[in-house]
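Participant: Okay, handing you the structure first.
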Amino acid sequence: MLTDRQVPYTGPYYGPSNPEGPMKGPTAEALKRFCARLGLIDWVDFDQHYNAKLEVAMRRGQKAAKISPTGQYGKDSWMWVRTARVPKGKPREGEYALDQYGRWLIQDEAGKNAESTEEEKVQKALSEFGYQVIRYEARIGYDQYRPGDVTVDPGQVYESDCSLTVIQAFNYAARKTGVKVPDPSRQNYTGYGNTDQYEDDWPKVGSPFRVGDLAHFHSERHVMYCIKAGNIDTAEWCSHGRTAGPELIRLRTYSRFPNEYLFTVRPPLTPPTV
């Protein structure tokens, strides 16, 4: 069962049939993702409204789980959400029905972070790597060769590109912290992978940004990663483009923003809970 730190209680949440509803917030979006993975609702681009479709889906799920089928989200549903698994025959069979992004939504709303100890260590290492390679940018050339060396440390002389810099940063964080940080390109740190190979295949997020978030741009499929949390004006990013070594970027003043900006994604910083 997912712990109360992984899934803090943010209820009650009410749908339109309740006099206090319909409510709006991150938990409603998380519940829509949860119901979709259970096959109770179609998978779409979910908003944060606790609408009639979510209420009907919750009611169906509650009935199957043998809890009061109110369609609303309370303490009994909270326990169900923490234990339910994706059924056989569905994508991600056997995993928790509340996916990692759904947990982040709830954690953010509750002002908690279930992976705070490990995740904070990883984020600190990611920031350290980014600021250090920016400091030593004169030692870092630009090359798109593959496979690349993912085990470099700041201060070394080597060549890299935008995607490889991201992979190197995540590998550095894994080595620095001892946490099994997943390769954001899903290549198991073999030195392969780039922005077109799964590095943008993570949940899309908006401001405020977290350390480790990846901002993607249309021009040459550029990517950079967040090294200081904040909004469009205050967040800081490490970018290694063609014309310069690693450099510090703020989105608002970045020449490719907003015309070239595509989206920002949030890859996991800790191993998935299955």
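The values are calculated or read from the model by the stated rules, or taken from the named source; none is laboratory data. Being a predicted model, the structure only gives us computed values, none of them experimental. So basically every Cβ, Gly included, is an ideal-geometry build from the backbone, and we count neighbours across all protein chains shown. The area values use the complete protein model at the heavy-atom level, side chains included, leaving out ligands, DNA and RNA. Shrake-Rupley method; radii C 1.70, N 1.55, O 1.52, S 1.80 Å.
Participant: What number of residues in region 257-274 are of a type in the set (D, E, K, R) and over 23 Å from P184 (Cα atoms)?
Facilitator: Going through region 257-274 one residue at a time, the tally reaches 0.
Participant: In region 198-219, how many residues are of a type in the set (A, V, I, L, M, F, W, C) and under 16 Å from T270 (Cα atoms)?
Facilitator: Residues flagged as of a type in the set (A, V, I, L, M, F, W, C) and under 16 Å from T270 (Cα atoms) within region 198-219 amount to 3.
Participant: Among residues belonging to region 166-187 that are over 30 Å from D45 (Cβ atoms) and of a type in the set (S, T, N, Q), point out the one that is modelled with the lowest pLDDT.
Facilitator: This residue is T177.
Participant: For D183, state whether it is of a type in the set (D, E, K, R) and without any contact (Cβ under 8 Å) to a residue 40 or more places away in the chain.
Facilitator: Considered against the rule, which asks whether it is of a type in the set (D, E, K, R) and without any contact (Cβ under 8 Å) to a residue 40 or more places away in the chain, D183 comes out as yes.
Participant: In region 136-160, which residues are open to solvent by less than 50 Å² (accessible area, probe 1.4 Å), touching a residue at least 40 places away in the same chain (Cβ under 8 Å), of a type outside the set (A, V, I, L, M) and farther than 15 Å from Y189 by Cα?
Facilitator: Listed by number, the list holds a single entry, G141.
Participant: For residues in region 2-48 being of a type in the set (F, W, Y) and without any contact (Cβ under 8 Å) to a residue 24 or more places away in the chain, which is nearest to K75 (Cα to Cα)?
Facilitator: So, considering only residues that are of a type in the set (F, W, Y) and without any contact (Cβ under 8 Å) to a residue 24 or more places away in the chain, the one nearest to K75 (Cα to Cα) is F46.
Participant: For region 115-164, name all the residues that are assigned to a helix (DSSP H, G or I) and in contact with a strand residue (DSSP E or B) (Cβ under 7 Å, 6 or more places away or on another chain). Spell out the reasoning first.
Facilitator: First, pick out the residues of region 115-164 that are assigned to a helix (DSSP H, G or I): 116-135, 137-139, 162-164.
L126, S127, G130, Y131, V133, I134, E137, C162, S163, listed by residue number.
Participant: Take the residues of region 196-230 that are over 16 Å from the mean Cα position of the chain (by Cα) and free of Cβ contacts under 8 Å to residues at least 40 places away in the same chain: which is farthest from D47 (Cα to Cα)?
Facilitator: E220
Participant: Find the residue count for region 189-212, including only residues that are assigned to a loop (DSSP other than H, G, I, E, B), within 21 Å of E29 (Cβ to Cβ) and open to solvent by 30 Å² or more (accessible area, probe 1.4 Å). Can you show your working first?
Facilitator: Step one: of region 189-212, the residues assigned to a loop (DSSP other than H, G, I, E, B) are 189-194, 200-203, 206-208, 210-212.
Checking which are within 21 Å of E29 (Cβ to Cβ) leaves us with 200-203, 206-208, 210, 212.
Next, only the ones that are open to solvent by 30 Å² or more (accessible area, probe 1.4 Å) stay: 200-203, 206-208, 210.
Residues in region 189-212 being assigned to a loop (DSSP other than H, G, I, E, B), within 21 Å of E29 (Cβ to Cβ) and open to solvent by 30 Å² or more (accessible area, probe 1.4 Å): 8 in total.
Participant: Listed residues G102, G61, G74, G89; which is surrounded by fewer than 23 Cβ atoms within 10 Å (Cβ to Cβ) and in contact (Cβ under 8 Å) with a residue 12 or more places away in the chain?
Facilitator: Only one candidate qualifies: G74.
Participant: Look through region 222-268, keep the residues that are part of a loop (DSSP other than H, G, I, E, B) and of a type in the set (V, I, T), and return whichever of them is nearest to E120 (Cα to Cα).
Facilitator: T234
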